[in-house]
1. So what J values fall out for segment 143-155 if you push phi through Karplus, 6.51 cos²θ - 1.76 cosθ + 1.60 with θ = phi - 60°, rounded to Hz, Gly and Pro as x?
2. Given contacts defined as C-alpha pairs under 8 Å and at least six residues apart, what's the relative contact order of the chain, whole-number percent?
3. Quick check: the angle from helix 77-87's long axis to the longest principal axis of the chain, C-alpha only, nearest 10 degrees?
4. Return a whole-number percent for the relative contact order of segment 146-238, with Cα pairs under 8 Å and 6 or more residues apart as the contact set.
5. Ignoring solvent entirely, what values of log10 I(q)/I(0) come out of the Debye formula for segment 78-149 at 0.15, 0.18 Å⁻¹ when each Cα is a single scatterer?
6. About the Cα centre of the chain, how large is the charge dipole given +1 on each Lys and Arg Cβ and -1 on each Asp and Glu Cβ? Please answer in debye to the nearest 20.
7. Report the antiparallel proportion of the DSSP beta bridges in the chain as a percent, rounded to a multiple of 5.
8. Among 20-32, 151-163, how do they line up from the highest to the lowest mean number of other beta-carbon atoms within 10 Å?
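The values are calculated or read from the model by the stated rules, or taken from the named source; none is laboratory data. On a predicted model such as this, the values are computed, not experimentally measured, just so you know. Methodologically, a virtual Cβ is constructed for each residue, glycine included, from the backbone with ideal geometry; neighbour enumeration extends over all protein chains shown. Heads up: the accessible areas ignore ligands, DNA and RNA and are worked out on the full protein's heavy atoms, side chains in. Shrake-Rupley method; radii C 1.70, N 1.55, O 1.52, S 1.80 Å.
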Amino acid sequence: MNVLVWFRRDLRVNDHPALVQAAALGRVLPLYIADPADWLAPGASARQWEFVAETLTGLRADLAALGAPLVVRCGPAAQVIARLSRSYRIDRVLCLHRPGSPVPPGVEELAPDAPLPPPALTPVPGIEPGLIPAARALGMAADTCPHRQPGGRAAGLALAESFLAGRGADYPASLVSPIGGERSGSRLSPHLAHGVLSREELRALLPGALPSRAARGLIEALRQPLAPPPALTGGEGGHLAAFAAAETGLPFVDACLRYFRATGWLNARGREMLASVALHLLDLPPQGVAAVLARLSTDHDPAILGPQIAALCQPSARIANPVRLGQEHDPHGRFTRRWLPELAAVPDDHLHAPWRWTGAGRVLGRRYPEPLCDPTHAARAARARLGSPQRAWPERHSAADLVLIEDAVMRPRRPSAQLSFDL
Ligand SMILES: Cc1cc2nc3c(=O)[nH]c(=O)nc-3n(C[C@H](O)[C@H](O)[C@H](O)COP(=O)(O)OP(=O)(O)OC[C@H]3O[C@@H](n4cnc5c(N)ncnc54)[C@H](O)[C@@H]3O)c2cc1C
């Protein structure tokens, strides 16, 4: 029997029930399809493809070592499968189930994440493996991500090892701040999103490897379900382009966006803040916000991003105040100044709300944009729009916050194309 195994977001040979079943049934044709419908979609970006392409190179070598190298083809998935099935007398097509990734008729889906060793493979003979295309060949726009994490199983395993061997000891603390976790977070998300490592594999490594609070935290994260992405409303609109360009005029937001753009990664709190600001303070359309965040993420996973955006649209979601979050988590501006050097002259006290600084005229509207909104007023408007007593984030007002908020209310309106204060 000839069995085609279709690799999608499960780019590994370990813990792969479809590969194991195919090997037991007969000759195997392992296939990856670069479908332009996926790679030219609004949430796709070259950083994601480049991570996948690096991973495919490793996967091809791993499969070759087992006996059947990876075949790569471009085109609509259903057509590619039908063509190969005709040409190579394929009897069955197997893949792993993935929430929100439907399969064409005739493709059998198996449950993922069973702990299984890689099987020996007998290849379907006479098939040309095919080139792994460059992002440009797929028609994707250039995408500069100088600190992108490298793809491939070796890189994923090295990351897991350094996390388990020590980096992860401060894991729970790293989750509190929007800018935490570069060192003590796992940063395994691209490897998990593209299935280079299985969740099962990581769960098995954890007990005993980390202080128990850290291990529990990661196990908890790995337990979060994947779900079919819900339909989100709206596309382009409002100040979406300014948000995408990291030009909101809200320094902590723009610094996080620039960091995300340069690295392809941001921790969960950071993504939550960006989404909350975009959806509530800037009143941007959910589908457009999701597409901007997706393109920034090497780990873009519709089965996580979609449900997260939908949850943040709920009336009960907390509304982020990026001025107060910046003051709390980056009081001296080490992070913000690094990513926004144009704010070097702004004193610490005003860094996260430079429009309240007496020297603002020297910087705003010249080297750095005027803010698109005043967070306090915009949060009030969002609450009114959604008709609910939403939770603020951070929740408590310190004395300093109250002074700043009062400052904002007392400050006269400044003429600007971008200011939208409701003073
Ligand atoms: C608005 C928003 C968008 C997000 N978009 C994505 C995305 O496209 N891809 C993505 O992988 N994560 C996404 N997340 C979840 C989270 O932010 C990232 O998984 C995390 O920042 C990755 O860093 P890490 O690997 O160090 O995570 P860790 O904290 O080490 O977590 C380990 C793994 O657990 C899984 N995980 C974590 N949070 C969730 C969750 N809420 N639901 C399901 N699984 C989870 C991920 O695979 C992650 O790699 C999003 C979160 C928010 C708030």
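1. 8, 8, 9, x, 10, 4, 6, x, x, x, 5, 4, 5
2. In percent, rounded to a whole number, it is 16.
3. For 77-87 against the chain, the angle is about 10 degrees.
4. Working: 70 pairs, mean separation 26.7, N = 93.
Relative contact order comes out at 29 percent.
5. Normalising to I(0) and taking log10 leaves -0.89, -1.11.
6. On the way: 45 positive and 38 negative charges, 37 e Å.
In total the dipole reaches around 180 debye.
7. Just about 0 percent of them are antiparallel.
8. 20-32, 151-163
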